[in-house]
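Structure first, commentary second.
The values are calculated or read from the model by the stated rules, or taken from the named source; none is laboratory data. Note that the structure is predicted; figures quoted are calculated from it, not measured. Because the Cβ atoms are built from the backbone with ideal geometry, glycine has one as well, and the counts that use them run over all protein chains shown. Only protein heavy atoms, including side chains, enter the accessible area calculation; ligands, DNA and RNA are left aside. Shrake-Rupley method; radii C 1.70, N 1.55, O 1.52, S 1.80 Å.
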Amino acid sequence: MAEDQAQPWKIPPIVQELAAGAHEPPSRYVVRDQDRPAVAAAAAMPEPIPIVDLSRLSAAEDGGGADGEVAKLRCALQNWGLFLEKQKYSNLVNGKEFRFEGYGNDVVLSEDQILDWCDRLYLIAESESRVVGSLWPARPPAFGAVLREYTVRCRRIADVVLASLARLLGLREGRFVGMMNEGVAMTHARFNYYPCCPRPDLVLGLKPHSDASVITVVLIDDAVGGLQVQKPNDGGGGVWYDVPVVPNALLVNVGDAIEIMSNGFFTSPVHRAVANAERDRVSLAMFYSLDPEKEIEPLPELVDEKRPRKYGKTTTKDYLAVLFERFAGGARAMDTVKISTVELDSGTSEDG
Ligand SMILES: O=C(O)CCC(=O)C(=O)O
Ligand SMILES: [Fe+2]
């Protein structure tokens with residue numbers, strides 16, 4: 001506490017208050033020239049982000065033959081690393097819309113760190129033994145019950161998708177879901193609130209990153225766009241594409257842990273959020289992860305002479321620590337576990 005008073009820059013302002021008063025974003029929020037989002041629309045999409053019907057995916061798992069849906073999922077993940085899942089109801093929980101008010105902030109590690117134009121609340125939602133109840137807002141009173149139920153419901157979606165991913169990799173359907181059930185798995189909920197910004201061309205709502213999770217389910221704003229994604233495997237082209245606004249849809253993306261465990265078969269997509277000049281935007285990301293102590297590494301079934309190991313070993317706990325530090329500086333944690341191509345090349349030539 002005393003340290004924070006001596007270093008006031010560690011306590012960033014609430015962006016909503018800045019947005020209410022300021023005409024120009026303060027310099028701490030202004031990103032470097034090369035990182036600025038284009039004011040014009042992002043690049044035209046080479047192909048749309050598919051909408052996958054999860055009930056048909058479950059049918060495929062039960063032997064119900066929905067090969068078209070599985071093919072769509074594979075294509076979505078190969079092209080984008082993510083897909084949209086359209087809900088049949090606009091009200092997600094008990095007939096009530098899921099809405100939340102409340103703010104948090106960036107973790108500030110250095111005085112010259114560029115801050116995101118966003119207030120957020122980041123909570124451990126599962127398992128119960130890890131929940132820090134004192135951090136959960138008391139208002140609205142239903143918050144806790146709704147978040148708990150929402151976490152379980154989204155987990156069901158995550159499980160269906162993970163079963164399909166395992167099948168696409170030629171693994172047992174329960175391979176990933178089983179790992180999620182080992183030890184005490186962890187789910188984080190991040191509520192992002194992006195106040196409108198008079199100069200969206202100068203700031204970022206959320207810096208480019210990929211998620212540390214195994215899998216992420218995002219409730220995206222049903223009216224205001226802002227999420228942008230880079231295509232995996234586009235040769236580092238750095239082109240940003242707008243994720244379209246699809247009312248009543250959830251966005252599902254694979255995270256870094258799946259990229260590592262699948263030995264790079266799936267790519268965890270790099271994404272960011274841009275601010276909007278006229279409208280506030282909200283999103284809620286649910287990050288499903290393994291037990292924090294459990295090791296994450298390429299699954300042995302997916303490593304052989306033809307597919308040399310591409311990633312080292314880590315744990316969710318260590319990886320998250322690296323991720324937060326790297327995120328603050330605008331870098332990717334994934335680079336710390338990737339085995340460099342030079343090592344790979346020498347490895348393969350040694351193997352003959
Ligand atoms: O705001 C969004 O749509 C995405 C949020 C996100 O990527 C995150 O919280 O990790
Ligand atoms: Fe994300």
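Contact annotation: residue pairs with Cβ atoms under 6 Å, 6 or more positions apart or on different chains, pairing a residue in region 236-251 that is free of Cβ contacts under 8 Å to residues at least 60 places away in the same chain with a partner that is in a loop (DSSP other than H, G, I, E, B), are Val245/Gly225. For region 70-82, a residue qualifies if it is farther than 12 Å from Glu47 by Cα and crowded, with 21+ Cβ neighbours inside 10 Å, and the qualifying residues are Leu73, Leu77, Gly81, Leu82.
Take the conditions closer than 29 Å to Gly170 by Cα and free of Cβ contacts under 8 Å to residues at least 60 places away in the same chain and apply them to Asp291. Does it pass? So Asp291 fails the test. The residues of region 5-32 that are closer than 13 Å to Asp112 by Cβ and in a helix (DSSP H, G or I), listed by number, are Trp9, Lys10, Ser27, Arg28, Tyr29. Among residues of region 145-195 being among the acidic types (Asp, Glu) and within 21 Å of Ile296 (Cβ to Cβ), the one that is surrounded by the fewest Cβ atoms within 10 Å (Cβ to Cβ) is Glu182. Within region 14-36, can you find the residues that are surrounded by 11 or more Cβ atoms within 10 Å (Cβ to Cβ), under 18 Å from Ala328 (Cα atoms) and either β-branched (Val, Ile, Thr) or in contact (Cβ under 8 Å) with a residue 40 or more places away in the chain (or both)? Across region 14-36, the qualifying residues are Ile14, Val15, Arg28, Tyr29, Val30, Val31, Asp35, Arg36. The set of residues from region 213-225 being at pLDDT below 95 and either within 12 Å of ligand 2 (Cβ to nearest atom) or of a type outside the set (A, V, I, L, M) (or both) comprises Ile220, Asp221, Asp222, Gly225.
Looking only at residues in region 295-321 that are open to solvent by less than 50 Å² (accessible area, probe 1.4 Å) and over 18 Å from Leu165 (Cα atoms), the one that is nearest to ligand 1 (Cβ to nearest atom) is Leu320. The set of residues in region 280-306 being more than 16 Å from ligand 2 (Cβ to nearest atom) and either under 13 Å from Met261 (Cα atoms) or not in a loop (DSSP other than H, G, I, E, B) (or both) consists of Leu290, Lys294, Glu295, Ile296, Glu297, Pro298, Leu299, Pro300, Glu301, Leu302, Val303.
Filtering region 226-254 to residues that are open to solvent by 30 Å² or more (accessible area, probe 1.4 Å), within 15 Å of ligand 2 (Cβ to nearest atom) and within 22 Å of Arg74 (Cβ to Cβ) leaves only Gln230.
Selection of region 256-266 for residues being surrounded by 24 or more Cβ atoms within 10 Å (Cβ to Cβ) and either in contact with a Ser or Thr (Cβ under 7 Å, 6 or more places away or on another chain) or in a loop (DSSP other than H, G, I, E, B) (or both) yields Asp256, Ala257, Ile258, Glu259, Ser262. Cβ separations smaller than 7 Å between residues 6+ apart or across chains give the following pairs from region 169-182 residues that are outside any helix (DSSP H, G or I) to residues that are open to solvent by 70 Å² or more (accessible area, probe 1.4 Å): Leu169/Phe265; Leu171/Glu301; Glu173/Arg167. Pairing residues of region 106-118 that are touching a residue at least 60 places away in the same chain (Cβ under 8 Å) with residues that are open to solvent by 50 Å² or more (accessible area, probe 1.4 Å), at Cβ distances under 6 Å and at least 6 apart in sequence or on separate chains, gives Val107/Phe324; Val108/Lys10; Leu115/Arg28.
Condition check for Val218 on (1) away from ligand 1 (no atom under 13 Å from the Cβ); (2) within 24 Å of Arg130 (Cβ to Cβ): one failure, at (1).
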